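What follows is a single structure, written as structure tokens, with notes after it.
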């Protein structure tokens, strides 16, 4: 196991490559937007809004986006950018919680596994979109059974009875020889016989549409349950292989390659989404579908369940608590002003969700119009919306092949952007824990992608969808909110709002506002704690289309959760053991908490000392790091050939104050490194530095925020 602390800050010697940085801000923003804006914006948000009050749902969604989503995103970017390390080091501010970062990495790996399977589904549908007619527009005997019908040409008897209930269900008509008694959810009602016979003549008792059977019987060849894995589906297997090849190639050189690819993969879905939106809004019946999405049901505004659903949607949409946001932020320049970036990213996510809802429900409204059905009877949720409802609706639009292909290409691009970021967030902690791996980024990408592909094959079998749903339920649905709660309490309570505010001030030049701190300390922890409690209380056995999973499958899912969460106490125990179970030492920030640049690190220590904080790390460790920094600085400015001549003055890096150039108080020995470090707040003492002691380090108005400027004094 790697040492739980980072190596001392020192100049790169060439044996270990330096950590990568974004080439420019645009790469960072596009990568964040690509990660946050994903499949959930297209297939989860529209149904969520429709089922939870329409426009009324947008009120809690907007409120929680401002008070929970944006503050969480801000906090995670700060954790990554401040230390320039991934999620396994993000909690060095309170090192007992290192396991939270490890748990994030564990979770991210499993989500990557099933996310690429969804990407493979989109690939399969893209290929089928070239066929005319679209294969899901007819009941092909090769895969369809007697329960298959085409809504465009066949009339379901269930639909007829549903329509009759709307007309006659509330009419108290006496039963005579001229009436027929029907039953609707246990409620009997009478219908005139001639009306009944006329409407039911030629209707079919089939219960599954062609689009539904195509997905389950042709694409998946779905088995009877998770205990019947069946054979590998060759088309899904090939698609999954291609998906992992694409991800592997994109990450061969880390963000150097993926940062360039996102210039295409991030904006392209918006072009397609705009075209689909314009086409959808011009279809007959589009207004009816959009009305279902946005007409408010105000009574649901006061439902706790609706607020819970809004919080879940924001949480999963932005990608919080997987470590992905922390990882992407860690490649930023230390002084990057991320406040504007967060506004751009969260607004892009919000408006993409709205646009996705308009696209989907405009097309579903057209489908309902063509079939003379209510929108509620054609709306689906989850993957059913993407792979059943929308394809069926697209098959009714002139030029259906073009629109179907465009839709699945958009899904593919949205998924692959998210996958780039998530899989990079799995690789980065490995490189941070074992820096030698940075020398072999291509090998690491190939090996991990191959392993992931092999593990993911379990989801390309005939029972693969059951495995995917199980992982999504327990890893994506249960463990992520728990991680978020632990993350918030660790940083905003145990480390403390004042300390994290000082860190932000040192990095960005000004502290976070009172509203943001209130959200960090109270609103976010409270909202997510309630979400976790409600989720646990309402948790039920896993099921698919009404069929319960076997008990052992749910136990396995819970085991996934337990193993992930066990990382937290395990790494807390290891750290406590390393500190000889000294409680006071265990509660202090780790010695490597702070900027990675040696000069910025020294200035940071001085900065927090000037603000009244006591020494928080052991003196020996700090002095050792200081000596390493001094040695590195001397090595950079003294060449071996000139060893006999006096070394020239070092040109400090941005914000760097060479330790040996700091003036020494006349009452202390000029030869003592520890004395020289006094002005950086390192001595073994329990009071705050005096004004005289810090006067040698001042900040001018023109200095970079938080950077201390060395004031030269004459001998």
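Things worth noting here:
- Residue 241, sole failed condition from (1) surrounded by 20 or more Cβ atoms within 10 Å (Cβ to Cβ); (2) in a helix (DSSP H, G or I); (3) not assigned by TED's automatic domain parsing to the domain that holds residue 428: (1)
- When segment 381-431 is filtered for residues that are crowded, with 20+ Cβ neighbours inside 10 Å and not in a helix (DSSP H, G or I), only 395 remains.
- Residues within segment 91-103 that are under 16 Å from the mean Cα position of the chain (by Cα) and either surrounded by 24 or more Cβ atoms within 10 Å (Cβ to Cβ) or not assigned by TED's automatic domain parsing to the domain that holds residue 332 (or both), tallied: 3
- Some residue of segment 88-96 being touching a residue at least 60 places away in the same chain (Cβ under 8 Å) and either part of a helix (DSSP H, G or I) or under 23 Å from residue 402 (Cβ atoms) (or both): yes
- Which listed residue is surrounded by 13 or more Cβ atoms within 10 Å (Cβ to Cβ), part of a helix (DSSP H, G or I) and at pLDDT below 95, from 599, 594, 564: 599
- Restricting attention to segment 333-380, the residues that are farther than 24 Å from residue 58 by Cβ, in contact (Cβ under 8 Å) with a residue 12 or more places away in the chain and part of a loop (DSSP other than H, G, I, E, B) add up to 6.
- Flag if residue 55 is farther than 25 Å from residue 324 by Cα and out of contact with any helix residue (DSSP H, G or I) (no Cβ under 7 Å at 6 or more places or on another chain): no
- Single residue of segment 570-581 satisfying the filter (in contact with a helix residue (DSSP H, G or I) (Cβ under 7 Å, 6 or more places away or on another chain) and either part of a helix (DSSP H, G or I) or in the same structural domain as residue 95 (by TED's automatic domain parsing) (or both)) that is surrounded by the most Cβ atoms within 10 Å (Cβ to Cβ): 571
- Residues in segment 498-514 that are in a helix (DSSP H, G or I) and within 20 Å of residue 342 (Cα to Cα): 500, 501, 502, 503, 504, 505, 506, 507, 508, 514.
- Residue 525 assigned by TED's automatic domain parsing to the domain that holds residue 493, on the phi < 0 side of the Ramachandran plot, part of a helix (DSSP H, G or I) and touching a helix residue (DSSP H, G or I) at 6+ places or on another chain (Cβ under 6 Å): yes
- Flag if residue 530 is surrounded by 20 or more Cβ atoms within 10 Å (Cβ to Cβ), assigned by TED's automatic domain parsing to the domain that holds residue 88 and touching a residue at least 24 places away in the same chain (Cβ under 8 Å): no
- Selection status of residue 611, within 30 Å of residue 329 (Cβ to Cβ) and modelled with pLDDT under 90: yes
The values are calculated or read from the model by the stated rules, or taken from the named source; none is laboratory data. Remember, it's a predicted structure, so these values are computed and weren't measured experimentally. Here Cβ is always computed from backbone atoms with ideal geometry, including for glycine, and neighbour counts include all displayed protein chains.
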